[in-house]
């Protein structure tokens, strides 16, 4: 659950916990102040002479009408703070956008990716909040490099996916590849989609890239390592003779 303005619960960028948030805004603060004054009046009304009651009521009405506009001279109208009830850290918001901290909670890149792909992944994560479209475009480039890492040409993503399908890649991996390919294409071609309005979609693409890396790189690597450890060299040679490889 990515942070959203005035949401009662989201994933805190400090502690990474999906936690309840307590909001402070200029409007809520001014309302609290006027309520306190009114409650004070109601609590002590019995000790106030009747002939002063109307004057006090008019004064409170004036406070209620004017306090908010005066309060905004000290606290910007579009400034808000959300405090995480799990870790007590806060996020700052201006114009309904989070301005602090400027980070999104994301999983690290798959450890088996080449270093240049990891660098693109991390760069994309840094700009996700400010530019989901730019982040998605970087992930598209990371996918292109990933396809080259797994033995494809690396020049045309669509052709590389076609080659993998021909080699027998599973339908779920094909879908993951095309999700990232199509999203990336739309991010770099003007007028097709406005990903800047949907950071949540862009965020999910990081998981998609890691899923692809897990299926195409990590799992085959782990199986190769296990095969080398468990199956003796002589047996490996017999298997090659059996299969004609």
Label point 7 Å out from residue 78 along Cα-to-Cβ: which residues of region 1-20 have amide N under 19 Å?
-> 4-7
So how far apart, in nm, are the two label points at residue 172 and residue 18 if each is 7 Å from Cα heading toward Cβ?
-> 2.1 nm
Protection-proxy order for peptides 130-143, 173-186, each taking the mean of Cβ atoms within 10 Å per residue, highest first = 130-143, 173-186
Residue order, fewest to most surrounding Cβ atoms within 10 angstrom, among 14, 238 = 238, 14
Spread of Cα-to-Cα distances over 5 Å intervals beginning at zero, given as percent, for region 205-245 | 6, 21, 16, 17, 14, 10, 8, 6, 2
Full extension between residue 99 and residue 116 adds, at 0.36 nm per residue less the Cα distance, a length in nm of 3.2 nm
List the equivalent ellipsoid semi-axes of region 115-243 in whole Å, largest first, each obtained as the square root of 5λ for an eigenvalue λ of the Cα gyration tensor.
-> 34, 15, 11
Between the modelled labels at residue 130 and residue 11 (7 Å from Cα along Cα→Cβ) the distance in nm is 2.1 nm
Quick one: order 231, 165 by neighbouring beta-carbon count within 10 Å, fewest to most.
-> 231, 165
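Throughout, read-outs are computed from the coordinates displayed, never taken from laboratory work. In this text, all values refer to a predicted model and were calculated from it rather than measured experimentally. Methodologically, a virtual Cβ is constructed for each residue, glycine included, from the backbone with ideal geometry; neighbour enumeration extends over all protein chains shown.
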